[in-house]
Amino acid sequence: MKNICKVLSISCLLSLSLSAYSQQQAYEFSLDTKKVGAPIKSTMYGLFFEDINFAADGGLYAELVKNRSFDFPQNLMGWNTFGKVEVRKDNPLFDQNPTYIVLSNPEHPHKRTGIENEGFRGMGFKQNEAYRFSVWAKTENSNEPQKIRIDLLDAKNDILVTQYLEINSSDWRKYEVNLTPKATEPKGRLRIFLDSKGSVALEHVSLFPVNTWKGRENGLRADLAQALADIKPGVFRFPGGCIVEGTDLDTRYDWKKTVGAVENRPVNENRWHYTFPHRFFPDYYQSYGLGFYEYFLLSEDMGAEPLPVLSCGLSCQYQNEKEECHVPVKDLGSYIQDALDLIEFANGLPTSTWGKVRADMGHPAPFNLKYIGIGNEQWGEEYIVRLEPFVKEIRAKYPDIKIIGSSGPSADGDKFDYLWPEMKRLKVDLVDEHYYKDPKWFLNSAKRYDNYDRKGPAVFAGEYACHVPNRDNNFESALYEAAFMTGLERNADIVHMCTYAPLLAHVDAWQWKPDMIWFDNLTSVKTPNYYVQQLYAKNKGTHVMSVTRNNTSISGEDDLYASAVYDKDENCYIVKIANTGKSSKEINITLTGLKKNSSLSLGESFELKANNLNIVNTLESPMNIIPQKATAKIEGNILVASVKPESFSVYKIQQ
Ligand code: AHR
């Protein structure tokens, strides 16, 4: 008996000391519910879109035909021709896209005339889905009706579907027919035969899936647009990036060329076609089919604030060192007018000049634009002297529009240090910061905004991504972004927007990586970085809460990073924890200051985790890393969680 008691007391002592040990091991976090912090802007988590990596033409923009108007400088780029095909520009139908082609009788009963389009690294066709073929056409040199035959082909040259169109007028008219391929093909082609004895002129040859996002004719690829919308972005920045500036002034993004009839939007060179000689894409142009109207519409559809960025009159400063490459300050008038006209295009009455353009395109209601960016990654005095008149004139005419200025291409250094005080002096509303940095920087920068000046402009973290050398979009990069973002969220009183970059990349035609979503012609894959953005955006709450350990913010000590928010609409607290260490962490989060009788429960909680930091999601295996349900216990006013090694968790505590 004595012995049994001895054994029991030893084991009691052992378990007591073990529990004391494990209690010692638990990390005690505290969240004072009485201290509700700054409101979180609806724009806090958003999207940055740039036509890089074939993100627009060949990507989000659902058009399948490359060089549809034959107006690339090499008029037949993307096309194979056979028989008698002539390139013409006389008496054009569309003055800004003047080129068209004429197919004529090859003058031998066994020969054929026609053209084939290769698409953007092929065309993706889905079995039993309809594709809308359209073309502007007329008979040439006679009133005799002519016939064309349209085939969709697979990669082996087999025909997936055929249709015919009769061209029955010598005046330009638009003809349309739907084609439904009998099989799915990722690398298809479009072929058009002249199928009669005369001649026919063709212009703006187009092929769209009927099933675009929201079913729009000049629409977006459904899976990609849905992936963007599923993030629930609060802001949508467009059209870039460096393409705003252009390699030279001629190739800058000129929004006025991107609105109105789609057939008459002139082709522009895409600067990413030659930016990197080791990733050279000579067939990369902007059709502007996805233009400013479409960007505004997409923002509206996603419930995101539109944020256009315009040229400030400086062409890319990396590539243009001489002053004469830029617009002289005295000649900035038309550039400033572009900004004022854009605000009118977005918000003006349908009776105003630019409001009418919007209304005629199908949107009489305003888009309710609130923000405008002037300049992308600009720097130096040459930027300031240009930005200043923009600010003056925009403020004078549209005092409510918030203006975003740049802090240059990097997160620190001379350019950055010069620009921030200048931004304060010019009283811009937000300053755009960019950081493409290594893991160490991301982990060390979670406190970046803790001591930022609260009296000046707010921060727009407009482009950022963790670049792990030689490892693309792996879980490591996503985890470190998640850790860093706790610092953005904790400082949401000053950080009003953040957008990961770049957004989209075609697996066969990318120039820059990592990127948030990868795609081929048929499918797409969301990276772990996507899921981090989505977890933040869908759990952004309405107010910052302070979650602390030993009265200090949790931003790296013992590999732990944390932030918390209150969501007044759902009456819940949301705590985000990144554990970048190799061991799991027992964490108790004590909620103090709760109302008497309040009872807490665990709401929908998630964790993002991989067995190995190098794991990626791929087109073939897109679900390697996806948010999983996280478990935790609520004990009274304490959330008790076991946070896995190298994981990012989001806990919702419901009241
Ligand atoms: O996101 C890719 C590029 O990075 C952007 O175009 C530019 O702003 C930055 O340098």
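Of the residues Asp283, Asp254, Asp301, Asp250, the single one that is acidic (Asp, Glu), touching a residue at least 24 places away in the same chain (Cβ under 8 Å) and more than 30 Å from Ala365 (Cβ to Cβ) is Asp283. Checking each residue in region 383-405 for being farther than 24 Å from Glu344 by Cβ and touching a helix residue (DSSP H, G or I) at 6+ places or on another chain (Cβ under 7 Å) picks out Ile384, Val385. Being open to solvent by 20 Å² or more (accessible area, probe 1.4 Å), at pLDDT 95 or above, over 24 Å from the mean Cα position of the chain (by Cα) and within 16 Å of the ligand (Cβ to nearest atom) is not true of Gly333. Glu557 satisfies every condition listed in (1) closer than 23 Å to Phe238 by Cβ; (2) charged (D, E, K, R); (3) more than 16 Å from the ligand (Cβ to nearest atom) except (1). Of the residues making up region 431-453, those that are within 16 Å of the ligand (Cβ to nearest atom) and either within 23 Å of Ile372 (Cβ to Cβ) or over 24 Å from the mean Cα position of the chain (by Cα) (or both) number 5. The sole residue among Thr247, Thr251, Thr275, Thr258 that is crowded, with 21+ Cβ neighbours inside 10 Å and either under 16 Å from the mean Cα position of the chain (by Cα) or within 16 Å of the ligand (Cβ to nearest atom) (or both) is Thr247.
Out of Ser352, Ser410, one residue alone is open to solvent by 20 Å² or more (accessible area, probe 1.4 Å), in contact with a strand residue (DSSP E or B) (Cβ under 8 Å, 6 or more places away or on another chain), at pLDDT 95 or above and over 15 Å from Phe292 (Cα atoms). It is Ser410.
Determine whether Phe49 is within 16 Å of the ligand (Cβ to nearest atom), at pLDDT 95 or above and either touching a helix residue (DSSP H, G or I) at 6+ places or on another chain (Cβ under 7 Å) or at positive phi (or both). So Phe49 fails the test.
Report whether or not Gly241 is within 15 Å of the ligand (Cβ to nearest atom), of a type in the set (Gly, Ala, Ser) and closer than 30 Å to Thr542 by Cα. It is true that Gly241 is within 15 Å of the ligand (Cβ to nearest atom), of a type in the set (Gly, Ala, Ser) and closer than 30 Å to Thr542 by Cα.
Filtering region 544-584 to residues that are crowded, with 16+ Cβ neighbours inside 10 Å, within 20 Å of Ala610 (Cβ to Cβ) and of a type outside the set (Gly, Ala, Ser) leaves Asp559, Leu560, Tyr561, Lys576, Ile577, Asn579, Thr580. Scanning region 375-407 for residues that are open to solvent by less than 50 Å² (accessible area, probe 1.4 Å), touching a strand residue (DSSP E or B) at 6+ places or on another chain (Cβ under 7 Å) and either in a strand (DSSP E or B) or aliphatic (A, V, I, L, M) (or both) gives Leu387, Val391, Ile394, Ile401, Ile403, Ile404, Gly405, Ser406. Could you tell me whether region 133-151 includes any residue that is within 22 Å of His506 (Cβ to Cβ) and buried (at least 16 other Cβ atoms within 10 Å of the Cβ)? No: region 133-151 contains no residue that is within 22 Å of His506 (Cβ to Cβ) and buried (at least 16 other Cβ atoms within 10 Å of the Cβ).
Just to be sure, is Glu300 out of contact with any Asp or Glu (no Cβ under 8 Å at 6 or more places or on another chain), buried (at least 21 other Cβ atoms within 10 Å of the Cβ), assigned to a helix (DSSP H, G or I) and among the charged types (D, E, K, R)? Spelling it out, it is not the case that Glu300 is out of contact with any Asp or Glu (no Cβ under 8 Å at 6 or more places or on another chain), buried (at least 21 other Cβ atoms within 10 Å of the Cβ), assigned to a helix (DSSP H, G or I) and among the charged types (D, E, K, R).
The values are calculated or read from the model by the stated rules, or taken from the named source; none is laboratory data. Just so it is clear, the model here is predicted, and its values are computed rather than measured. Methodologically, a virtual Cβ is constructed for each residue, glycine included, from the backbone with ideal geometry; neighbour enumeration extends over all protein chains shown. Accessible surface is based on the protein model in full, side chains and every heavy atom, while ligands, DNA and RNA are left aside. Shrake-Rupley method; radii C 1.70, N 1.55, O 1.52, S 1.80 Å.
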